[in-house]
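The values are calculated or read from the model by the stated rules, or taken from the named source; none is laboratory data. In this text, all values refer to a predicted model and were calculated from it rather than measured experimentally. Here Cβ is always computed from backbone atoms with ideal geometry, including for glycine, and neighbour counts include all displayed protein chains. Side chains are part of the model used for accessible areas, which takes the heavy atoms of the whole protein and leaves out ligands, DNA and RNA. Shrake-Rupley method; radii C 1.70, N 1.55, O 1.52, S 1.80 Å.
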Amino acid sequence: MAERLPFHVLVNIIIAARVGNSSTAFDHGGSLVRFDNLRTRFPLVCKAWHDAAVFTLHQRVGIAGGEMAQLFLRTLQERPERALFVRSLSVGLDSAQDAEPSTEEARLASTHILDVLEACTPLLLHLHVRPLHPSARPRLLAAIQSAPALTDLAVLPRLNLEDSPFQATDLLQLVTPTLERLELDAWAEPVPHPLPLPSFQSESLALTSLRISFTNGDAVVLALLEAAGPKLVSIDVYLEAGFESTDAIARALLPSHSTLRHLSYLNNPAGFEAHLDPNFERLFDRILPQFKHLHTLRTFTAEFSALNPFRLLPPSMRRLQLSAFDDSPTFHPTALLNSLTDHSIDVHLAELQLEDEGWEQDEVDAVADALAARGVAFTFVGITVDDEGV
């Protein structure tokens, strides 16, 4: 019977039976699925299954640590054609090496891991990079640039800031012509300004989804957002110390106004007190009415100042998620209730989630009832601050 099944049918059977029952978890989150998670059992079912099982086994490869990398490299030395089977690759140090990424052991492990990456680049589509030794950066960037078909890239350095070898200027090398989705955490010291003017050619970019978490707002971030804007569908930006003025980020986001569907913009400005100034121009007061196709928005309430925030929301908006870490009155219970009594405004939202402190339960209930009357589900997330203010 197996001899009569087409190759693609066998592949689909094996994919359906795959389970990630062998993985390495990291203390700070995430995991790598080992490349041998099929346990090589399917190739042993019968001779007719062998080729399909081997092909499927190598389509998604996870390498955690130098020992696993060396094992996989030995396989490629004996069967070099199997490197061409790899479409999705996750690489990173193992748990012990990840705890001390600057050691000589971690450096050697990273060298072997990069050997695997370089061998698998010809037909690689998806790459997930977990922590490596800081010295890996030049080879890693070069390998990414040499992957001619890469569409998805997630580069997630350590959360330990001083160990991160990545910075904003690496975007110039990470954004390749074929890349459609990029996720980058660059927790590094900002490059001294003024930077050379970044060069991104809009017509050469394929990016539709961009997620970046940076310590500081940077000219390179702005240049990438502006250049990729006409094609971006999803933007997720977190800046620990971001842009004090709305001008630069507004200009960078506006080119995506006709394509963007999902936006998360969390900017912890260097001077949050500026947002409390009534004369400070709020980002979404300025740009939100132009985003006619936006479905979801996540941001701080400090980015709004309108007396009735629902006037700003485009009819396409379905989900609004807000965090209120300031004294802005816009989304306090009384202000929200007053806004909802203005029936000259249509509320098209399906869901509003608000994270704030200081609300009484009767206030939460009143707002929930008022929103429910408008067809909006309300979720309130209370913030608890302990006696030490932590």
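Condition check: among the acidic types (Asp, Glu) and modelled with pLDDT of 90 or more. Does residue 247 satisfy that?
Considered against the rule, which asks whether it is among the acidic types (Asp, Glu) and modelled with pLDDT of 90 or more, residue 247 comes out as no.
With respect to (1) touching a Leu at 6+ places or on another chain (Cβ under 8 Å); (2) crowded, with 22+ Cβ neighbours inside 10 Å, the lone exception for residue 97 is condition (1). If only residues of the range 202-235 that are in contact with a Phe, Trp or Tyr (Cβ under 7 Å, 6 or more places away or on another chain) and not in a helix (DSSP H, G or I) are counted, the one that is modelled with the highest pLDDT is 213.
Of all residues in the range 365-384, those being in a loop (DSSP other than H, G, I, E, B) and farther than 13 Å from residue 355 by Cα number 3. Within the range 334-356, not a single residue is touching a helix residue (DSSP H, G or I) at 6+ places or on another chain (Cβ under 6 Å), within 23 Å of residue 210 (Cα to Cα), modelled with pLDDT of 85 or more and outside any helix (DSSP H, G or I). Pairing each residue of the range 62-79 that is within 12 Å of residue 117 (Cα to Cα) and open to solvent by less than 30 Å² (accessible area, probe 1.4 Å) with any residue that is modelled with pLDDT of 90 or more and not in a helix (DSSP H, G or I), provided the two are 6+ apart or on different chains, yields C-beta distances under 6 Å for 62/90; 63/91; 69/63. Considering only residues in the range 119-141 that are out of contact with any strand residue (DSSP E or B) (no Cβ under 8 Å at 6 or more places or on another chain) and among the aliphatic types (A, V, I, L, M), the one that is most open to solvent (accessible area, probe 1.4 Å) turns out to be 123. For the range 116-126, indicate whether the set of residues that are charged (D, E, K, R) and at pLDDT 95 or above is non-empty. Taking every residue of the range 116-126 in turn, at least one turns out to be charged (D, E, K, R) and at pLDDT 95 or above.
Exactly one residue out of 199, 264 is among the small types (Gly, Ala, Ser) and modelled with pLDDT of 70 or more: that is 264.
Restricting attention to the range 274-315, the residues that are at pLDDT below 95, in a strand (DSSP E or B) and open to solvent by less than 10 Å² (accessible area, probe 1.4 Å) total 1.
Is at least one residue of the range 173-189 over 27 Å from residue 68 (Cα atoms), modelled with pLDDT of 70 or more, aliphatic (A, V, I, L, M) and crowded, with 17+ Cβ neighbours inside 10 Å? Within the range 173-189, one or more residues are over 27 Å from residue 68 (Cα atoms), modelled with pLDDT of 70 or more, aliphatic (A, V, I, L, M) and crowded, with 17+ Cβ neighbours inside 10 Å.
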